[in-house]
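Enquirer: Just passing along the structure, written as structure tokens.
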Amino acid sequence: MANYKTNNVNETEKIGFLLGQTVRSGVVAMFGDLGAGKTAFTRGFAKGMGINCDVSSPTFALVNEYRGEKQTLYHFDMYRISGWDDLYSTGYFDYLDEGACLIIEWSENIEAILPDDCIRVTITKTENTDERNIEIVGAELLENPCN
Ligand SMILES: Nc1ncnc2c1ncn2[C@@H]1O[C@H](COP(=O)(O)OP(=O)(O)O)[C@@H](O)[C@H]1O
Ligand SMILES: [Mg+2]
């Protein structure tokens, strides 16, 4: 487990970028309130995977698909998920079976069906407006972002 402190949105994207450089498949489960920086983290993560797409919150679509040259990233937002039918219709289980890479906002809402080996990213606001704590469990960054 590792903890990082960021002081602005770019630093949060950078942590996402570094994680994206190390991950090629499986689930990255993100936890954290509205405005914590989950979508910002995902923007960096996609870049780190080598995917140049516009990353935006899939709140209405539930899932966005970002196609890179080598991999596809599925970006979920489980905020409004309500029940199994919803979940099946997003393709969550199909993408998991395919061995794709999934990054998931509001993983709190699907805790029971997260794979045991998923990477967990928890972003927390602090008392300072633009400061965030980012905890990463299940993966190591290649570079120390504090350098
Ligand atoms: N350290 C930080 N990390 C991430 N976002 C920050 C930070 N400081 C301020 N922000 C702002 O917080 C908001 C985060 O938005 P977003 O990534 O959409 O959050 P979420 O997807 O968790 O709801 C953005 O407006 C961003 O500019
Ligand atoms: Mg979001």
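Enquirer: On a 0 to 90° scale, report how tilted helix 38-48 is relative to the longest principal axis of the chain, with both axes built from alpha carbons and the result rounded to the nearest 10.
Expert: So the helix axis and the longest Cα principal axis differ by about 90 degrees.
Enquirer: Also, I was wondering about something else. Can you list the GluC sites (Glu not before Pro) in the stretch 79-147 that are in a DSSP coil and have 14 or fewer other beta carbons within 10 angstrom?
Expert: When the GluC sites (Glu not before Pro) of the stretch 79-147 are filtered for loop state and at most 14 Cβ neighbours within 10 Å, Glu127, Glu131, Glu140, Glu143 remain.
Enquirer: Full-extension gain between Trp84 and Glu140, please, as 0.36 nm times their residue separation minus the C-alpha to C-alpha distance.
Expert: 16.9 nm
Enquirer: Among Asn8, Met78, Val27, whose Cα lies farthest out toward the positive end of the dipole of the stretch 2-124, if unit charges sit on the beta carbon of Lys, Arg (+1) and Asp, Glu (-1)?
Expert: So the residue furthest toward the plus end is Asn8.
Enquirer: So, one more: Note down the nm distance, to one decimal, between modelled labels 7 Å out along Cα→Cβ at Ser57 and at Leu34.
Expert: Output for this residue pair reads 0.7 nm.
Enquirer: Let me ask something additional. Once the whole set of protein chains is in place, how much accessible area is left on Arg24, using a 1.4 Å probe, in Å² to the nearest 10?
Expert: Using a 1.4 Å probe on the heavy atoms, I get roughly 100 Å².
Enquirer: Hey, what's the per residue convex hull volume over the C-alpha atoms of the stretch 2-124, in cubic angstrom? Could the numbers behind the result be given before it?
Expert: Working: hull volume 12.3 nm³, N = 123.
Per-residue hull volume (Cα only) is 100 Å³.
Enquirer: Still on this structure, I have one more. May I ask for the angle, rounded to the nearest 10°, between helix 9-20 and the longest principal axis of the chain, with both axes built from Cα atoms and the value confined to 0 to 90°?
Expert: 60 degrees
The values are calculated or read from the model by the stated rules, or taken from the named source; none is laboratory data. Only a predicted model underlies this, so the values are computations on that prediction, with no experimental measurement involved. Using ideal geometry, Cβ is built from the backbone for each residue, glycine included, and neighbour counts are taken over all protein chains shown. Just so you know, the surface numbers come from the protein's heavy atoms only, side chains and all, with ligands and any DNA or RNA stripped out. Shrake-Rupley method; radii C 1.70, N 1.55, O 1.52, S 1.80 Å.
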